[in-house]
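Below you'll find the structure, written out as structure tokens, and then a few comments.
The values are calculated or read from the model by the stated rules, or taken from the named source; none is laboratory data. Remember, it's a predicted structure, so these values are computed and weren't measured experimentally. Cβ placement follows ideal geometry from the backbone for every residue including glycine, while neighbour counts extend to all protein chains displayed.
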Amino acid sequence: MLDLAGVSTRYGANPMLRDVTLTLREGEVTCLLGSNGSGKTTLIRTIVGLVRPFAGAITFRGDRIDRLKPNQVVRRGIGVVPEGRRVFPRMTVEENLRMGAYAEWRARDLAERMARVFALFPRLAERRAQRAATMSGGEQAMLAMGRALMSRPALLLLDEPSLGLSPLLVEQLFDIVQAINGQGTTVFLVEQNARKSLAIAHRGYVLQKGEIVGAGTAAELRASDVVRHAYLTT
Ligand SMILES: Nc1ncnc2c1ncn2[C@@H]1O[C@H](COP(=O)(O)OP(=O)(O)OP(=O)(O)O)[C@@H](O)[C@H]1O
Ligand SMILES: [Mg+2]
């Protein structure tokens, strides 16, 4: 569904992603493991058009998307939960969700889209008039995911959605990611929580200093030395 072929980026003179090649298969959950500063967020930002690669190509459903603007990428069917969630603090839950459908602001089925989000996250329905800034961390995580789903993406990119959440909430969040995938959405899951992501992922990649150093099915990665030593030590 999405292919990166030899993608390289730099920040000023500093190279970041080096010759990254990876494939996300339709209908699957693919996870990306990597330590702090390895380039995971840069990779997400590159896919959505916020960072321009100086080499390589990104293809989504057969079309090049690496020269598109972020709003055009969203319109093609790619949704993102950015690092740190970035909900609009002064807006209510409902307003935040509406922003998620901004690429099609005349969508007639806005209410239906919102109802589907509320079905996944009943807590958001209870709090639809509450300002995002006053929501708990877990509720903001749900809101960020709900907002991304409002554009009805075929591919959902998640940048460390579980960061800072309690173990119970992390558990719930991963269940929801799995449910979203079960409803047909392809998922790219960037996570530090290797154990949990490999438990729900079909396949994964390991990023180290901007380079892909490991790839395989979830079972292969769980068994590999690089993953066991660096990411499954606890
Ligand atoms: N706008 C920028 N300008 C310069 N350097 C940047 C910029 N954004 C990121 N970097 C650098 O690129 C490297 C990769 O950053 P990135 O945010 O992609 O890492 P990450 O894998 O997401 O890390 P984390 O797990 O901490 O979120 C880091 O060394 C970071 O300092
Ligand atoms: Mg990051």
- Message: Just checking, does the range 36-45 include any residue being away from ligand 1 (no atom under 16 Å from the Cβ) and surrounded by fewer than 19 Cβ atoms within 10 Å (Cβ to Cβ)?
- Response: no
Picking from Gly27, Gly6, the residue that is away from ligand 1 (no atom under 16 Å from the Cβ), assigned to a strand (DSSP E or B) and touching a strand residue (DSSP E or B) at 6+ places or on another chain (Cβ under 8 Å) would be Gly6
Apart from one, (1) within 16 Å of ligand 2 (Cβ to nearest atom); (2) surrounded by 15 or more Cβ atoms within 10 Å (Cβ to Cβ) all hold for Arg10; the odd one out is (1)
When restricted to Leu169, Leu124, Leu156, Leu143, the only residue in contact (Cβ under 8 Å) with a residue 24 or more places away in the chain, part of a helix (DSSP H, G or I), more than 16 Å from ligand 2 (Cβ to nearest atom) and under 20 Å from Ala199 (Cα atoms) is Leu169
Within the range 194-211, residues being crowded, with 19+ Cβ neighbours inside 10 Å and either away from ligand 1 (no atom under 15 Å from the Cβ) or not in a helix (DSSP H, G or I) (or both) number 9
Scanning the range 67-91 residue by residue, those closer than 23 Å to Leu33 by Cα and more than 16 Å from ligand 2 (Cβ to nearest atom) turn out to be Ile78, Gly79
Looking across the range 32-52 at residues that are part of a loop (DSSP other than H, G, I, E, B) and more than 9 Å from ligand 2 (Cβ to nearest atom), the single one that is nearest to Ile78 (Cα to Cα) is Val48
Of (1) within 19 Å of the chain's Cα centre (by Cα); (2) in contact (Cβ under 8 Å) with a residue 60 or more places away in the chain; (3) closer than 27 Å to Gln140 by Cβ, Tyr231 satisfies every one except (1)
Based on what the data block shows, is Arg67 in a loop (DSSP other than H, G, I, E, B), modelled with pLDDT under 90, among the charged types (D, E, K, R) and loosely packed, with under 15 Cβ neighbours inside 10 Å? no
